[in-house]
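What follows draws every value from the coordinates through simple rules; no lab data is involved. Just so we're clear, the structure is a prediction, and the values are computed from it rather than from any experiment. Quick reminder, even Gly has a Cβ in these numbers, built from the backbone with ideal geometry, and neighbours come from all protein chains shown.
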Amino acid sequence: MNILLLRPHPGNDKFGLGPFFCVEPLGLEYIGAALLPAGHQVTIADLRFRPGPGSWIKRARPQLVGISCLHTLEFDRVLETARAVRRLAPQAFIIVGGHAAAAFAGPLEDDAVDAIMVEDGEVLMPLLAERLERNESLEQVPGMRLRTPEGWVSTPELAERPSLDLVPLPARHLVKQHRNGYHCLLFKPVWLIETARGCPHRCSFCSVWQLYDRTCRERSIEAVVEDFATSGDSIFVADDLFWYNPARSLELAAALKNRGIYKRWILVQTRTDLICRSAEIMAAWRPLAKDFDIFLGLEAASDSGLSGLDKDAGIKESIEAVRIARELKYGINGNFLVDPDWDEEGFRQLWNFVAQYGLQRAGFTILTPLPGTDYYQSVADKTKGQPWANFDMHHLLWEPRLGPERFFELYAETWRRSILNTAGDKGIMDWVRQVRPSQIPYIIRVLWRTQRMMKPAEYLKEYRATCPATGGIVS
Ligand code: B12
Ligand code: SF4
């Protein structure tokens, strides 16, 4: 069967670090790897690059089209893509899947879509393709919301989550044509690698643990080593919780070292408390790359702030984790959450913490109720009518305690305290001096775009366009 897998353009990268990151659709590559052995013709098209869906449909002549939906903010774009596919290939079966679709399928239940996968795709997509090929009923394909003449129904639940080793390596050759477009910060091309999936923690703002019921599955050491060995020189590790399993983490570092793997750059994401108890592991990993960065969920500047987010780690861990990582010469990129319910003191506390511990290399996102979390359910009424594109963690979804004008003044001021402020400590020439001549136009373009995050008027304009109080709401 001809199968086309699409990664739509998310549509919303006005704010945030979107312009700094563009990585491969790894979920689609794993699905591709699961479909190929069954004899299917699989094409992956990344619509963040040219051409658009029309050309791909002409080329692939698909009977089955899968559209990925990683983030809540992509919902409307995903539906637009599905409608375009429906027009261009009316006979094709259209399924949507991916993290945001699985965590909260409701908004995607639209006539342009035939099914939504609410589980991983590696086992279920081959099953779906087989049933479609044989013209058999789809109601027994587990893990889906399915559009039927009687309306949307849930198919049976998957008996158990499959082992990640069922599909040991992603079909990276399917995105060969896009490879040079994948980048993170100044590293290009970049490879995305997954070593484990899920998280046993319970941060209130996060949709990952709720989707995976606080489980975490790991790939085998052999599969991960092979993936590192056959990928390029700059690696972004997709795991939400790197170094989670101490014994495995040490074993993996040793296995990579034995295979002679050494990368130009590795980026991982983890928690402060894991770093505090993993100094030995971190020491074992550090020599595996020339530059090694960590995305660290710092989230708040006080113990009460952290416990309000169910972070289950304190400020002591934040400070200690930063110290350990710096001592081992890791780069730290923190992220803090800014609560619409803050008063002025909330902002000042954050600024003092950032200044005291030199955390200017950080992102500051607005605490946003992500669909699929209990937090979302508890405030769903307040977010009614908001366009999904506003769930990018840089929009206010309701009136903040300080009022929108003052809130955005202080929020923009928070970003002005980051290293991205070219009028701050690190000027544009400091950035330019750090890059190769060929990278200068890129870095200038990206920095120019990010300066928007330091301008309250830019946020206010968007807020007023969608705020119920101003009558600007999009319904
Ligand atoms: C890589 C990544 C990114 C990349 C983008 C990747 C891309 N291709 O565009 C970057 C760094 C740019 C990014 C940015 C952001 N991200 Co992000 N990101 C991820 C991350 C770490 C990994 C995704 C991944 O590839 N996983 C590995 C693959 C193998 O798994 P998978 O994608 O889930 O695929 C499987 C299934 O979902 C399914 N599947 C996937 N696609 C499809 C398609 C079909 C048709 C089917 C049937 C099945 C299916 O099958 C696959 C195989 O089993 C996830 C974390 C996570 N746990 O998923 C967060 C995550 C998706 N991001 C998140 C967030 C919050 C963001 C930001 C808003 C953060 C910010 N502070 O700004 C921004 C938004 C940027 C923007 N404006 O678009 C949240 C999502 C929250 C939500 N509900 O919206 C996550 C879950 C992280 C978290 N812990 O909260 N992100
Ligand atoms: S924010 Fe990170 S640590 Fe917390 S539940 Fe989500 S993935 Fe786990």
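Can you pull out the residues in the stretch 170-223 that are polar (S, T, N, Q), in contact with a strand residue (DSSP E or B) (Cβ under 9 Å, 6 or more places away or on another chain) and buried (at least 20 other Cβ atoms within 10 Å of the Cβ)? Don't jump to the end; show me each part of the working.
Within the stretch 170-223, the subset polar (S, T, N, Q) is 177, 180, 195, 204, 207, 210, 215, 220.
So of that shortlist, the ones also in contact with a strand residue (DSSP E or B) (Cβ under 9 Å, 6 or more places away or on another chain) come out as 177, 195, 215.
Answer for the stretch 170-223, where residues must be polar (S, T, N, Q), in contact with a strand residue (DSSP E or B) (Cβ under 9 Å, 6 or more places away or on another chain) and buried (at least 20 other Cβ atoms within 10 Å of the Cβ): just Thr195.
Tell me which residues, restricted to the stretch 363-399, are out of contact with any strand residue (DSSP E or B) (no Cβ under 9 Å at 6 or more places or on another chain), in a loop (DSSP other than H, G, I, E, B) and either in contact (Cβ under 8 Å) with a residue 40 or more places away in the chain or small (Gly, Ala, Ser) (or both). I'd like the intermediate steps shown before the answer.
Just the residues of the stretch 363-399 that are out of contact with any strand residue (DSSP E or B) (no Cβ under 9 Å at 6 or more places or on another chain), to begin with: 369-391, 398-399.
Then keep just the ones that are in a loop (DSSP other than H, G, I, E, B); that gives 369-373, 384-387, 391, 398-399.
Residues satisfying the conditions are Pro369, Leu370, Pro371, Gly372, Thr373, Gly385, Gln386, Pro387, Phe391, Trp398, Glu399.
Could you tell me which residue of the stretch 197-252 is farthest from the chain's Cα centre (by Cα), considering only residues that are outside any loop (DSSP other than H, G, I, E, B) and of a type in the set (Phe, Trp, Tyr)?
Narrowing the stretch 197-252 to residues outside any loop (DSSP other than H, G, I, E, B): 197-198, 208-211, 216-218, 221-230, 234-237, 246-252.
Restricting the remaining residues to those that are of a type in the set (Phe, Trp, Tyr) gives 209, 228, 236.
Numbers: Trp209: 14, Phe228: 20, Phe236: 11 Å.
Ranking the candidates gives Phe228 first.
Scan the stretch 114-132 for residues that are surrounded by 21 or more Cβ atoms within 10 Å (Cβ to Cβ), in contact (Cβ under 8 Å) with a residue 40 or more places away in the chain and over 20 Å from the mean Cα position of the chain (by Cα) and jot them down.
Residues satisfying the conditions are Met125, Leu128, Ala129.
Would you mind finding the one in Phe205, Phe242 that is within 16 Å of ligand 2 (Cβ to nearest atom) and over 16 Å from Leu328 (Cβ atoms)?
Numbers: Phe242 fails: over 16 Å from Leu328 (Cβ atoms).
That would be Phe205, the only listed residue that is within 16 Å of ligand 2 (Cβ to nearest atom) and over 16 Å from Leu328 (Cβ atoms).
It is to be established whether one or more residues within the stretch 406-422 are part of a loop (DSSP other than H, G, I, E, B), touching a helix residue (DSSP H, G or I) at 6+ places or on another chain (Cβ under 9 Å) and of a type in the set (Asp, Glu).
Looking through the stretch 406-422, none of the residues is part of a loop (DSSP other than H, G, I, E, B), touching a helix residue (DSSP H, G or I) at 6+ places or on another chain (Cβ under 9 Å) and of a type in the set (Asp, Glu).
The rows are residues; the columns are (1) out of contact with any strand residue (DSSP E or B) (no Cβ under 6 Å at 6 or more places or on another chain); (2) within 16 Å of ligand 2 (Cβ to nearest atom); (3) of a type in the set (Asp, Glu).
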residue	(1), (2), (3)
Val237	no, yes, no
Tyr262	yes, no, no
Gln269	no, yes, no
Leu274	yes, yes, no
